[in-house]
2 protein chains.
Amino acid sequence: MKYNNAIYLISRIKEAANRFIVQELEAAGLNGVVPSHGDILVVLYTCEKCTMKELAQKIHRTKATLTVLVDKLIALNLIEKEKSAQDSRITYIKLTPLGQSYKDIFEKISQKLNDTFFKNFSQEEIKTFVSLLEKTRNNIE
Amino acid sequence: MKYNNAIYLISRIKEAANRFIVQELEAAGLNGVVPSHGDILVVLYTCEKCTMKELAQKIHRTKATLTVLVDKLIALNLIEKEKSAQDSRITYIKLTPLGQSYKDIFEKISQKLNDTFFKNFSQEEIKTFVSLLEKTRNNIE
DNA sequence: TTTTAATAGTTAGATATCTAACTATTTGTG
DNA sequence: CACAAATAGTTAGATATCTAACTATTAAAA
């Protein structure tokens, strides 16, 4: 079946994207930082301060995984925790100044990722590609 | 950037495909079997007997990972090892009769996966999709 | 022939990721 | 008000996955 190949290709592409991101982050001085860590930072670049639960939802990971991911980013001094004054079950996560300083680097990596993966794609092709990906995503969620 | 979304969607789709496969395999009575295990079996359904090195290459995993994956499939009595008579460094992996008996099930799961993920896709759309995925894959390998 | 280099697969350690259970807190119900 | 249910985040355990180092074997070079 021809479309059996699509899922295989999607898998290959995703794994290559992960490797690319890890390598670029290492080149930028961030070792041991993987895409999920990056996802957290990217969320924080837009919302400044999020609960653990919100972050877990936004990056599609479980609360348990988030604990591990967050602990590592804290160890790297990129983020910090802040308890909620209104509800002591709630913990907010926010960027440190160091975390903030990587914003441009993340944008550049994202740009480079896209320039590399979609080299020689026309605007029309990209539009079609995203549309088909969205159609697939809509079939499964 | 519009195409920033593509890698995100690819990631979502791949993870959804993994979950789908795991659930279908569980429904078929195979617990704890993940896509990489399935990849090994699928390779063996076509080549009957492969070296560990070949399997690792074909499923894009390291030799170390393959050892773990293979050990589990052996524990499930789906595959077995056979040392090479010509080169005692080499170990062949082959299907057991039980492993063979799951061939139809794997084909059905693959079909169901594709029917679900590409529901409402025309043949033309699928063709385009695969072509664009191949174009991306060619940019990164 | 001996030594060096390469190869196949395993071992050891680290880590992201999950499920399930847990603790502390808050909300809802009677 | 007391109790039950729900919630936020952590802990514990298991596992796929990787890198690096290792052992045993084979191939290549001296």
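The values are calculated or read from the model by the stated rules, or taken from the named source; none is laboratory data. Note that this is a predicted model, so its numbers are computed, not measured. Every residue, glycine among them, receives a Cβ derived from its backbone with ideal geometry; neighbour counts consider all protein chains shown. All accessible areas refer to the heavy atoms of the entire protein, side chains included, with ligands and DNA or RNA removed. Shrake-Rupley method; radii C 1.70, N 1.55, O 1.52, S 1.80 Å.
Over the stretch B:4-112, what is the mean sequence separation of C-alpha contacts under 8 Å (at least six apart), divided by residue count, expressed as relative contact order in percent? Display every interim value, and only then the final one.
Working: 99 pairs, mean separation 26.0, N = 109.
Once divided by the residue count of the stretch B:4-112, the mean separation gives 24 percent.
Could you let me know the centre-to-centre spacing of the stretch B:99-114 and the stretch B:1-79, using Cα atoms, in angstrom?
Each part's Cα centre sits 13 Å from the other's.
Can you give the accessible area of B:Leu76 in Å² (nearest 10), computed on protein heavy atoms with a 1.4 Å probe?
Roughly 60 Å² of B:Leu76 is accessible to a 1.4 Å probe.
With each run of n ≥ 4 DSSP H residues scored as -39500 (n - 2.57), what mean residue ellipticity at 222 nm is computed for the protein assembly as shown after dividing by its residue count and rounding to the nearest 500 deg cm²/dmol? Walk me through the numbers on the way to the answer.
Numbers: 14 runs with 190 residues, N = 282.
-21500 deg cm²/dmol, from helical runs alone.
Taking the square root of 5 times each eigenvalue of the Cα gyration tensor, what semi-axes in Å does the equivalent ellipsoid of the stretch A:55-114 have, largest first?
24, 15, 10
Mind ranking A:Arg61, B:Arg89 by accessible surface for me, highest first, 1.4 Å probe?
Largest accessible area first, the residues go B:Arg89, A:Arg61.
Just the number, please: Stokes-Einstein D of the stretch A:95-141 in µm²/s, Kirkwood Rh from C-alpha pairs, 20 °C, 1.002 mPa s.
Diffusion coefficient, whole number: 165 µm²/s.
What are the label-to-label distances in nm, one decimal and shortest first, from B:Lys108 to the same spot in the other copies, with labels 7 Å along Cα to Cβ?
5.4
Take the solvent-accessible surface of the protein heavy atoms, probe 1.4 Å, and return the percent of it on the protein assembly as shown that carbon and sulfur atoms account for.
Here carbon and sulfur together make up 50 percent of the probe-accessible area.
Once the label point is set 7 Å along the Cα-to-beta-carbon vector, what list of distances in nm do you get between B:Asn139 and its counterparts in the other copies?
2.2
Return the Rg/Rh value of chain B, two decimal places, where both radii are evaluated on C-alpha atoms and Rh is the Kirkwood radius.
Radius of gyration over Kirkwood radius for chain B works out to 1.02.
With every protein chain left in place, what is the accessible area per residue of the protein assembly as shown in square angstrom, probe 1.4 Å?
54 Å²
Would you mind listing how long the protein assembly as shown runs along its three principal axes, going by Cα atoms, in whole Å with the largest first?
Extents along the principal axes, in whole Å: 64, 42, 37.
So what does B:Asp71 come to for accessible area, using a 1.4 Å probe and Å² rounded to 10?
About 70 Å², ignoring ligands and nucleic acids.
For B:Glu15, place a label point 7 Å from Cα along the Cα-to-Cβ direction in every copy; what are the distances to the other copies, in nm, shortest first?
1.8
Please report the equivalent ellipsoid semi-axes of the stretch B:18-63, computed as sqrt(5 x eigenvalue) of the Cα gyration tensor, largest first, in whole Å.
21, 12, 7
With a bin width of 10 angstrom, please list the P(r) values of the stretch A:20-100 as percents of all Cα-Cα pairs, from the 0 bin to the one holding the largest distance.
Bins of 10 Å from zero give 19, 54, 24, 3, 0 percent of pairs.
With labels modelled as points extended 7 Å from the Cα through the Cβ direction, what inter-label distance (nm, one decimal) is found for B:Gln23 paired with A:Thr96?
Result: 4.0 nm between the two label points.
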